[in-house]
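> Below you will find the structure I want to go over with you.
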Amino acid sequence: MKTQILLYITALSLSCLSFAETVTASTTENLKPFTNVRVSMQRMLRSDDGRYFLDLYAGIWNPHGTLHDLSDQKTIAFKGLQKGDQLNLKSVSVNGDVATSEQYQLNGNLNANTGDMPAVFSAANNNENIPIQFGPAFTTDVEIERPLFIFKFYGVENAQQPYGKALKQVQVLNKTTNQVVQSLTGFTAYPKSIGYMDINFDGYYDIVLSDTSNDRKVEDKRFIYWMYNPKIHQFQRSPQLENITGFPAIHGEKQQIDFGDGQVYQVKNGLLNRVEDN
């Protein structure tokens, strides 16, 4: 039997709608602003000719990514440096430490707002430089512009928390106006980093938090999912995804999510379909 999970909150049954609502912050908690919370943003880019698919983590101290050559069925891992919008990446082994036997470089100029990146892919063995124009792999509705957000973080500090403190609130701000557009509350999460990625491949970034409620730790691999709903311009929680244990490794070139332990799901038309053969 094929297992299906609905990703779009607007199509959930009425009994689940309460999980999608933003919960107001408790007035009994004294929340403190948290700094140095890392936003791990996974960009999924595709070349204009459709040959290359790039998973890219940029805007951090160790930018890295994986390039999929869909024509030659080749996958290359990269690590490197970033200065401003300029990325200079070199090929590494799968574990990210040792250089591959065949050396590659990927140099590009990333527009952080649009996701466009003109790049040059080169191989040391043949001195060939291949120009590649990357853009967002999954486009949004042309009538609904992709929003640009920045975040502020608030939480509590006490000895009862697994890490001495816990993230309790994420303020979502419009990057252009710096105005708060939504405040995410009603959770207890890991205080040092959040995930920002397009979980359902609809062209909009979603927020993923590591759940540390009820004495949970990061190693328990339980996550809180705030999915962006472009129709109401708000993030909404997905209780269906939160029932799955495991880190959501996104494979955009296949439109699949691998939660580990054989839990692989294919995303199609807003549904998670369990891939039973894995």
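The values are calculated or read from the model by the stated rules, or taken from the named source; none is laboratory data. Predicted model only: the values in this text are computed from it and were never measured. Every residue, glycine as well, gets a Cβ built from its backbone with ideal geometry; the counts of neighbours run over all protein chains shown.
> Criterion first (at pLDDT 90 or above, surrounded by 12 or more Cβ atoms within 10 Å (Cβ to Cβ) and more than 15 Å from Thr66 (Cα to Cα)) does Tyr163 satisfy it?
Criteria met by Tyr163.
> So, one more: Scan the strands (runs of 3 or more DSSP E) fully inside the range 100-197 and keep the ones with 2 or more residues being charged (D, E, K, R) and outside the structural domain of Ala77 (by TED's automatic domain parsing).
Counting at least 2 such residues, we get 149-157, 165-174.
> Can you tell me how many residues in the range 230-278 are surrounded by fewer than 16 Cβ atoms within 10 Å (Cβ to Cβ) and among the hydroxyl-bearing types (Ser, Thr, Tyr)?
Total satisfying the criteria: 1.
> Scan the range 139-154 and give yes if some residue there is in contact (Cβ under 8 Å) with a residue 60 or more places away in the chain, under 22 Å from Asn109 (Cβ atoms) and either surrounded by 17 or more Cβ atoms within 10 Å (Cβ to Cβ) or out of contact with any Asp or Glu (no Cβ under 6 Å at 6 or more places or on another chain) (or both), otherwise no.
The answer is yes; a qualifying residue exists.
> What's the total number of residues in the range 212-232 that are more than 16 Å from the chain's Cα centre (by Cα) and either farther than 13 Å from Pro147 by Cβ or not assigned by TED's automatic domain parsing to the domain that holds Val156 (or both)?
Summing the residues that are more than 16 Å from the chain's Cα centre (by Cα) and either farther than 13 Å from Pro147 by Cβ or not assigned by TED's automatic domain parsing to the domain that holds Val156 (or both) in the range 212-232 gives 9.
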